[in-house]
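Taking it in order: structure first as structure tokens, then the write-up.
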Amino acid sequence: MRQGPAAERGQALAAAATEPPVAATRRVPFRGGRDDSRFWICVFLLPFLVFYVGFTLWPLVATIVYSLFDWDGVQPLTQFIGVDNYTRILGDPLFWSAFRNTLLFAVLNTAIKLPLTLLAAVLLTRRWLLFKRFFRTVFFLPIILPVALSGLVFTYLLNPSNGALDSFLLDHGLLKQPIDLLGHDNTALLAVVLISVWQIFGQYMLYWMAALTQVPEELYEAADLDGANERQKMFYVTLPLIRPVAVIITLLALVNALHVFGIIVTLTAGGPGRATYVVSYFIYTEAFQNAPFKYGYASAAALIFAVLAFAFVSGQGLLARRAERLRQLYGV
Amino acid sequence: MLNMVGLKGLAAAVAAALCVIACGNGQSSAQPSQTAGAPVTLKVQDYSVEQTDFHKQVAAEYHRLNPSVTIEWTSIAQAQYEQTLPLAFSSKQAPDIFYWTTGGPSAMNNLLASGWIQPWTNDAAAAADWEKRWSSGSFLNGITLKSGKVYGFPWQDTHYWGPGYMYMNKSVFQQAGLDVNKPPATWSQLSDACKEIKAKTRAYCIAAPMKGVDFQRLWFALAAGRMSDLFFDYKNGKFSLDDPRLIDTFNYIMGLNKSGYLAPGVNDKDFSRQQFAAGQAAIYMDGPWMVSVWGQLGFHSDGYTVAAHPVPDDTPRGALSQRYSQYAYWLSSQSTHQAAAFKFIQWVTNPTGFFVQNFLKNSFATLAFADNKKYLTDPAWKAVFRIGDSKGFRVVYPEPLLKCPGLADSKAYTMASTTRPNGEYEVMVQDLVNNRDVTADARALVNMRQTIFETQLQKEQASGLKVSKDCYTFSDWTYDQSYNPANYPKS
């Protein structure tokens, strides 16, 4: 039998009276309860959202749009060319050369800096080491130097005409002819990698030190009781325990290295010739270096590189996770 | 004390303010239209950083003479300038007067197409009177004039101003037992001099910058002696790095490098200049601007001499190019101070005025509207004038725009030359430092450029534009002769 509205209202009120006062327990000190919470959440989120939309989402969308136009960055966005920029980039040998150099830089840089910084971090967390703060400061100093200054310093240091390195080696009879590390295809990229490792050394050393401090001290004490030496403690206690963090540090290292730019600009300007062109520098030269600028083309290059870099890093992540699963499966 | 409603309102206002800050369009300097007698601020921008102090003097002097006008002259490094100026235009914050030379003879058309410029004046009589300061034929339709209005004017002189001068460090030459008054005039003499310098001194023979596009400093000087300092062959209408004469020039430079005559390292021009000024190198090749650069490095003309670049011994020669490319300062289309800007630029270009006298006194450049020899009296400048006046050192190249006015709307050459714009230097330097033959790389680059060039010309032709490869071909011209203007078709 259908009830009237008054009866429905009465049942609702009765039900409300028997329910526990959930809303009352969650009430914020201000008048208005849950509605107020939502308001404050919105207020505090809004600035972040604005910045996120303005500086992340909008540039991303804009880059996608620009990549579909033949645009110089100044004229109105009128010349829609579809995927023509993408087609041209995929057939551009300089882009692929820059891409190859970027990957090579990232892999070499990561392969060199991670073991070295880990070693330094292990040493700097040893109890017996004296002057820890001094060493920490020394290793960390290069990172606070502007990249431009580092580039300038090494340009002069490595210059074969009168650079300090060549002068030292020549004066001590260790070289007969000056060597130009930044002036040859075979050595320029490697030199840039090493300088980049020098500069970023402190940052990764700190990451490792943070990871190492997470290893419980009792495990080392137990290992001591079992008669483990330093090498065994390193390989059977430390490394397995910092492995999850190591995966993250490795991914971070790769991603950061893929963005190499400043050191290239200041040290080699992509040279000699095109030997050290990397993708960021390629994008920069296309977008900004010579008028008329090619924003559309550069945008397409940036997007293609982002996709390729994402695939590369994701591949690394998948491999790392698979290794971790296997390790757990076999109990090693 | 704030109640709840007030607090919410305040929070919303703070959030909104943050949003406004984040999303603000940054427009702040748009100025209202000029009213008669009202104070005017003219913003001038260029990348002549070395002239910053001089610009302050200019601004002060002009303000003294015209108290209602304030000149804000800003100079920043070239690379930053070329990046920020387009952004200034797109954000409606362009200066009133700006410096722009990209595009050479096509600069006006490019800037007009971009909507960046307006005529200096709409008063035809005033414009005609102003043009008298230059030699006849200096203002050309399609290059500085459009529809009878003046958009550009010759700034630097192009007879003396340009690459191709050889600076010799007296001290190093003396140590090597060489006479600076008998500079090496041919390629073989240059090699011989280098041999002596290498054997008898600790200095390198030639400070040759190779970073980025800086290799042009040496390249222009030597390539012009053999054929042309351009990478485009106006005799045959094609890009030309693969031309046997330019390959020959490259091979000569490679020979110098293999012999250890070039200072090692992929150095930038500043480094090479310092090497020369410090006596670590005997020779440096560049333009007449070096006279003021050396001065800034504390190296004066009693320490060096200037000579023309050496030429090949016994083969046909070329010459440095003199082109219609000296149009530097333009009036922004966004300026609301056309009259004030024109008055200012008239004052600046007064051939005997404050600007000219002090600009030349500082040896910043030679000017197209001044008697340069009257004010530039340093021995190095006298040598520059003597070299520049010598026959066949620099010749007036043919100008395609004057042959085919339709090129004003063509993008073919720009598209071809700005795709991998530094390609020629990148290819040459990479092959030079690795001791590789440049021919294959040069040919690939030329093929790329020529394909873009001709394909675009064909497209434009098909769309009705009166352009063709023939517009860029001057078969009756030789590389060491000035092109006869009478040969341009009469319009």
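The values are calculated or read from the model by the stated rules, or taken from the named source; none is laboratory data. Source: prediction; values computed, not measured. Methodologically, a virtual Cβ is constructed for each residue, glycine included, from the backbone with ideal geometry; neighbour enumeration extends over all protein chains shown.
Residues in the stretch B:405-430 that are surrounded by 20 or more Cβ atoms within 10 Å (Cβ to Cβ) and more than 11 Å from chain A (Cβ to nearest Cβ): B:LEU407, B:ALA408, B:SER410, B:ALA412, B:TYR413, B:ALA416.
May I ask you to list the residues in the stretch A:251-264 that are surrounded by 18 or more Cβ atoms within 10 Å (Cβ to Cβ) and either modelled with pLDDT under 90 or under 25 Å from A:VAL153 (Cβ atoms) (or both)?
A:ALA253, A:ALA257, A:LEU258, A:VAL260, A:ILE263, A:ILE264
Among the residues making up the stretch B:433-463, a single one is at the interface with chain A (Cβ under 8 Å from one of its Cβ atoms) and either buried (at least 16 other Cβ atoms within 10 Å of the Cβ) or closer than 20 Å to A:LYS294 by Cβ (or both): B:VAL433.
Within the stretch A:116-137, residues that are free of Cβ contacts under 8 Å to residues at least 40 places away in the same chain reach partners that are acidic (Asp, Glu) and assigned to a helix (DSSP H, G or I) with beta carbons closer than 9 Å, at six or more positions or on different chains, in the pairs A:ARG126/A:GLU230. Candidates A:VAL74, A:VAL61, A:VAL83, A:VAL50: the one that is of a type in the set (Val, Ile, Thr), free of Cβ contacts under 8 Å to residues at least 40 places away in the same chain and facing another protein chain (nearest Cβ under 10 Å) is A:VAL50. B:THR249 fails exactly one of the following numbered conditions: (1) free of Cβ contacts under 8 Å to residues at least 60 places away in the same chain; (2) assigned to a loop (DSSP other than H, G, I, E, B). What is the number of that condition? Failed condition: (2). Within the stretch A:279-293, residues that are facing another protein chain (nearest Cβ under 9 Å) have Cβ atoms under 6 Å from residues that are of a type in the set (S, T, N, Q) and part of a helix (DSSP H, G or I) in these pairs: A:PHE288/B:GLN83; A:ASN290/B:THR418, counting only partners at least 6 apart in sequence or on another chain. Those strands (runs of 3 or more DSSP E) of the stretch B:316-422 in which at least 1 residues are farther than 21 Å from B:GLN118 by Cα, considering only elements entirely within it, cover B:320-322, B:394-396. For the subset of the stretch B:116-143 comprising residues that are of a type in the set (Gly, Ala, Ser) and at pLDDT 90 or above, which member is surrounded by the most Cβ atoms within 10 Å (Cβ to Cβ)? Filtering the stretch B:116-143 for residues that are of a type in the set (Gly, Ala, Ser) and at pLDDT 90 or above, the one surrounded by the most Cβ atoms within 10 Å (Cβ to Cβ) comes out as B:ALA127.
When we screen A:PHE139, A:PHE154, A:PHE201 for residues that are within 14 Å of chain B (Cβ to nearest Cβ), touching a helix residue (DSSP H, G or I) at 6+ places or on another chain (Cβ under 6 Å) and surrounded by 15 or more Cβ atoms within 10 Å (Cβ to Cβ), the only hit is A:PHE154. Here B:ASP480 clears all of (1) part of a helix (DSSP H, G or I); (2) under 26 Å from the mean Cα position of the chain (by Cα); (3) among the acidic types (Asp, Glu) except the condition numbered (1).
Count of the stretch A:184-198 residues, restricted to those that are surrounded by fewer than 21 Cβ atoms within 10 Å (Cβ to Cβ), small (Gly, Ala, Ser) and away from chain B (no Cβ under 14 Å), is 0.
Listed residues B:LYS92, B:LYS146; which is within 14 Å of chain A (Cβ to nearest Cβ), out of contact with any Phe, Trp or Tyr (no Cβ under 8 Å at 6 or more places or on another chain) and at pLDDT below 95?
Working: B:LYS146 fails: within 14 Å of chain A (Cβ to nearest Cβ).
The match here is B:LYS92.
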